[in-house]
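A short worksheet on the structure shown next.
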Amino acid sequence: MSRSAIEDLLPLVAKPSRYLGTETNAVHKDYRRTDLSVLLAFPDLYEIGMSHFGLQILYHMLNREKRIVAERVFAPDIDMARLLRSTGIPLPSLESRRPVAEFDIVGFSLLYELNYTNILSILELSNIPFTAVERGYPDPLIIAGGPCTCNPEPVADLFDAMVIGDGEAVMVNLAHTWLRWKDGGGRDRREVLALWSEIEGVYIPSLFDMTADSSGRPLVKSKQQEYRRVRRAVVAELEEDAFPDQPIVPFGRPVHDRLRIELARGCTRGCRFCQAGMIYRPVRERSLASALAIADRSIDHTGYEDLSLLSLSTGDYECIEPLMQRLMDRCALERVAVSLPSLRVGTLTPELMGLIKRVRKTGFTIAPEAGSQRLRNVINKNIDEKEIVTTVQNAFDLGWQVIKLYFMIGLPTETKTDLQAIVDLIEQLRRLKRPRKRKGRLNVSVATFIPKPHTPFQWFEQISLEESQARIRWLQERLRMPDIHFKWQNPRVSRLEGLWARGDRHLLSLLLEAYRMGCRFDGWTDHFRYDLWMAACRKTGIDIDYYVGRRRDRKEPFPWDHIDSGVTKAFLWEEWERALAGERTSDCRSGDCNACGVCDLQVLAPRVNTRCSLDSSKAQPPLQPEAGAGQRNRYRLTFSKTGSAKFFGHLEMVNLFTRALRRAGISVEYSAGVHPKAKLRFADALPLGIESRCEELFVTVAEEFSDSELADRLNAQLPGGLSVLRCSATKEGNGTRMPEVTTYRVQLSGSRFDSNALEQFRKKETAVFTRTGRKGKSRVMDLCRVVDRIVLSSEDTLDISLRHMDGVILRPAEVLQFIFSLDVDQLARARVVKVAAM
């Protein structure tokens, strides 16, 4: 497929940069010179998928293999999907624009159950049959991985293979096995699936059947005696070379727009509601030296101004304080903020908080989960009220103004007393004072508990929709207090999420029917259609209560029993009984082994740092202020914005230049205050869709550069379509000024300008134009005064010069629509180039 086929559609969609694929650190291999092409598919929008670091790890590992190329595709938004259908253009990958159906393997990341309809959307837009049994040569092999595969059954029939556990432990092995099969002349996909079934962590759904036990209850049974259970794949150690230190820097505003470093995988706390805490065991910490080395390289290669340290419980990382100290010695000088998004009450000390705030205060979130100590004991959340209060008070004392608190309703054994305890705890926290006797603000979020597979609570029922709504209303009424912002997850979403988390293969008919009815992006509030899902349930005969609304006995088989997470079912049942008794289980990090079944204590065992000091011969010294720091050297940059760069909005341009300057090693002046920002000033906030040969940017830097050096260093870091043309020093007081007249060249695509309409306009003495601003305010202007010059150079091309009146900048689209009555599509498809500003 030609790149232009998709680019012709980009002017017609919102956020077109999400479809470009030309980001910093994206890999562009010639797939014709490789032997295996893998497409990493994420069934949600680009902004969500690019926030998932697992995809970046797989992209990095596969692309470093010479014979393999890995590319990306995301679920196109509604507007793009509609255009693809109407034009018949098959969904392409980002990097090469190659149709999805032409790849050898398409691998989906399954992170959230309510993304399942988007899997169907990607397959349909790619002209690929939905189910594995319908596919054959030359269709790609469709595989999946991610946390949702711990119960793969609801979508098992869609996939040829599914990865259970750590993807980097399996994905390269799958690829190498495919290459050996292909090198041997393989064409029968059943042969490669048989080979894949021998790899630990690989589930081949076609080798299992949905049957029933002696009581008529659904049972998943293997067709092969030697392949009865699938053991989760586990990476024994977090290797430095497997972690990408040049991750792709996304365009736009991804949900997590920051650099991320995985400090540890797994958790030893043993919270009984937490699926991740069970299925990612054992805990494996990255060494202090490795974490620092990755951070150093990644900051240099990305230019990010925020760094997030990831794990299920970052505060439990043994070397967290020396790590933070070393990071902040570097990051404070470079204005890089460091955040720890998964801190537990009790691990966030005043010393740690003080380190975090050295650059700027990042978000502060704690999760008590339950209001009463009794219920926290039931769920094994081993924190007490005093620790919660002390942590919040410390945060207020150190300058945080807003604290986020997370709770769940519907936990096993929950009573009205436990709900009242949530209210009492929040009231107590609300009374805590910030410095100067001011109160802080609390953002309180509540979600309905979902009993997930492979947890001690998998035998428990999910509370009904009506009960969930009643408990949320009860809390809402009692939390109408000053300084409290209360929000909740839609209980209907939680109910549907529970269905897909706990379902079996019978649900595929429901998924297909809901998709046919129009369900898409079900995890998004503005797209979620519970009414359509209920209609699909009625049509397919699916009873949600059967899956989520009843308690299971110990003998009843689960749809996921053939998936071995490593944690034994006997241990989970024992934990269920301890929960009902209100007994706590200790943390095996510091106590005795709890015999959960994961570790063999030889190859697989907890990997916890015992050394938190660095070899002085290998440790990098802290960064020192650069020579000339404190100087103020101001430069005017003239740059062009052409080709695909026209799809960058103004805020994207600010990000692109800020990060390019960082990667180029150019120290920029920053603003003061709580959230310092790089001081960049664009002469014109050029709208999305307009190209330019004469944009100006003013920047103040610490060093003195020759004009060519600054331009060359910056051009080496800018994405395609952006190029610094000239650079010159300018005096400190010379700020940006608004030009009096701006000239544009406009070329229509597939239509022509009406010369008669232009003549009619020229004859007018006045042409009243009303512009309505974003806030609804109207501004009346005379276009005869605004248009300085307009000349047709051909039937489809004109030059137009516009005066800027009273500080208002009119763009060509507004004027040309008035003069020529062009429709929205004609204006969107037109090529508009700013050629001069005087």
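Think of the chain as a dipole: +1 on every Lys or Arg Cβ, -1 on every Asp or Glu Cβ, centred on the Cα centre; then among Ala194, Cys537, Leu425, Leu425 lies furthest on the positive end. Round to the nearest 10 and give me the degree value, 0 to 90, for the angle of helix 416-430's Cα axis relative to the longest principal axis of the chain. The angle comes out at about 40 degrees. The label point for Arg229 and the one for Arg811, both projected 7 Å from the Cα toward the Cβ, are 6.0 nm apart.
For segment 732-809, the calculated P(r), taken from all Cα-Cα distances in 5 Å bins from zero up to the bin holding the longest distance, is 3, 12, 18, 19, 19, 14, 8, 3, 2, 1 percent.
Secondary structure note: in the chain, about 55% of the DSSP beta bridges are antiparallel. For segment 384-487, the relative contact order is 33 percent, taking Cα pairs closer than 8 Å that sit 6 or more residues apart in sequence and dividing their mean separation by the residue count.
When the Debye formula is applied to the Cα atoms of segment 179-335, each taken as the same point scatterer, what base-10 log of I(q)/I(0) results at q = 0.20 Å⁻¹? Calculated log10 I(q)/I(0) at the listed q: -1.21. Rg and Dmax, both from the Cα atoms of segment 1-61 and both in Å, are 13.3, 36. Net length available on complete extension from Glu704 to Glu740 is 9.8 nm, with 0.36 nm assigned per residue and the Cα-Cα distance removed. Charge dipole of segment 1-56 (Cα centre as origin; +1 on each Lys and Arg Cβ, -1 on each Asp and Glu Cβ, all else neutral): 120 debye, rounded to the nearest 20.
Three semi-axes describe the equivalent ellipsoid of segment 709-838; taken as square roots of 5 times the Cα gyration tensor eigenvalues and ordered largest first, they are 31, 20, 14 Å. Working from Cα pairs under 8 Å separated by at least six residues, relative contact order for the chain is 11 percent.
For Lys777, the aspartates and glutamates whose Cα falls under 16 Å of its own Cα, not counting residues fewer than eight places away in the same chain, are Asp806. Computed from the alpha carbon atoms alone, the convex hull of segment 520-574 holds 154 Å³ per residue. For the chain, a crude dipole built from +1 on the beta carbon of Lys and Arg and -1 on the beta carbon of Asp and Glu, taken about the Cα centre, is about 2340 debye to the nearest 20.
For segment 676-757, the convex hull spanned by the alpha carbon atoms encloses 163 Å³ per residue. First check a/c for segment 323-412, with a ≥ b ≥ c the square roots of the eigenvalues of its C-alpha gyration tensor; if it is under 1.5, answer rounded, and if not, answer prolate when a/b is larger than b/c or oblate otherwise. Cα axes put segment 323-412 in the prolate bin.
Contour minus end-to-end for Ala470 and Leu601, with contour as 0.36 nm per residue of separation and end-to-end as the Cα-Cα distance? Present the calculation step by step, with values, prior to reporting the outcome.
On the way: separation 131, 0.36 × 131 = 47.16 nm, distance 4.73 nm.
My answer for the length gained is 42.4 nm.
Does segment 124-205 classify as rounded, prolate or oblate by the C-alpha gyration tensor (a ≥ b ≥ c root eigenvalues; a/c under 1.5 gives rounded; else a/b over b/c gives prolate, otherwise oblate)? Don't skip to the answer; put the middle values down first.
Numbers: a/c = 1.86, a/b = 1.05, b/c = 1.77.
Because a/c hits 1.5 or more and a/b fails to exceed b/c, segment 124-205 counts as oblate.
Look at the Cα gyration tensor of segment 367-444: its axes a ≥ b ≥ c give a/c of at least 1.5 with a/b over b/c, and that counts as prolate. Compute the relative contact order of segment 241-344 as a whole-number percentage, counting only Cα pairs closer than 8 Å that sit 6 or more residues apart in sequence. It comes to 31 percent, rounded to a whole number. Taking label points 7 Å from Cα along the Cα-to-Cβ direction, Arg441 and Lys182 give a separation of 5.4 nm. The simple Förster model, with R0 at 56 Å and r as the Cβ-Cβ distance, assigns Asn490 and Arg762 a FRET efficiency of 0.50. Take every DSSP beta bridge whose two residues both sit in segment 357-497; close to 5 percent of them are antiparallel.
For Lys777 and Asp592, what does the FRET efficiency come to when R0 = 56 Å and r is the distance between their Cβ atoms, rounded to the nearest 0.05?
Numbers: r = 69 Å, r/R0 = 1.23.
E(calc), rounded to 0.05, equals 0.25.
Could you pull out the pairs from Lys29/Lys182; Lys221/Lys539; Lys381/Lys569; Lys404/Lys569 whose alpha carbons sit more than 24 Å apart here? Over 24 Å Cα-Cα: Lys221/Lys539; Lys404/Lys569.
Expressed as a fraction of 2.2 N^0.38 Å, the value expected for a compact globular protein of N residues, the C-alpha radius of gyration of the chain is 1.03. The residue among Cys271, Leu259, Ala289 whose Cα reaches farthest toward the positive pole of the charge dipole of segment 245-293, with charges on the beta-carbon of Lys, Arg, Asp and Glu, is Cys271.
Working note: Cα gyration tensor of segment 204-250, eigenvalues times five, square-rooted, sorted largest first, giving semi-axes of 39, 14, 10 Å. Principal-axis analysis of the Cα atoms of the chain puts helix 53-63 at an angle of about 80° to the longest axis.
When shorter helices are ignored and each DSSP H run of at least 4 residues is given -39500 (n - 2.57), the per-residue value for the chain at 222 nm works out to -8500 deg cm²/dmol. Backbone amide hydrogens, once placed in the peptide plane, bring Val220 within less than 5 Å of Thr211, excluding anything fewer than 5 places away on its chain.
Here segment 158-268 was treated as a single set of alpha-carbon atoms; its pair distances binned every 5 Å from 0 give 2, 9, 15, 15, 14, 14, 12, 9, 6, 2, 1, 0 percent.
Each reported figure results from applying straightforward, stated rules to the coordinates on display, with no laboratory input. Everything numeric here is computed off the predicted structure, so don't read it as measured data. Cβ: placed from backbone, ideal geometry, glycine included. Neighbour counts: every protein chain shown.
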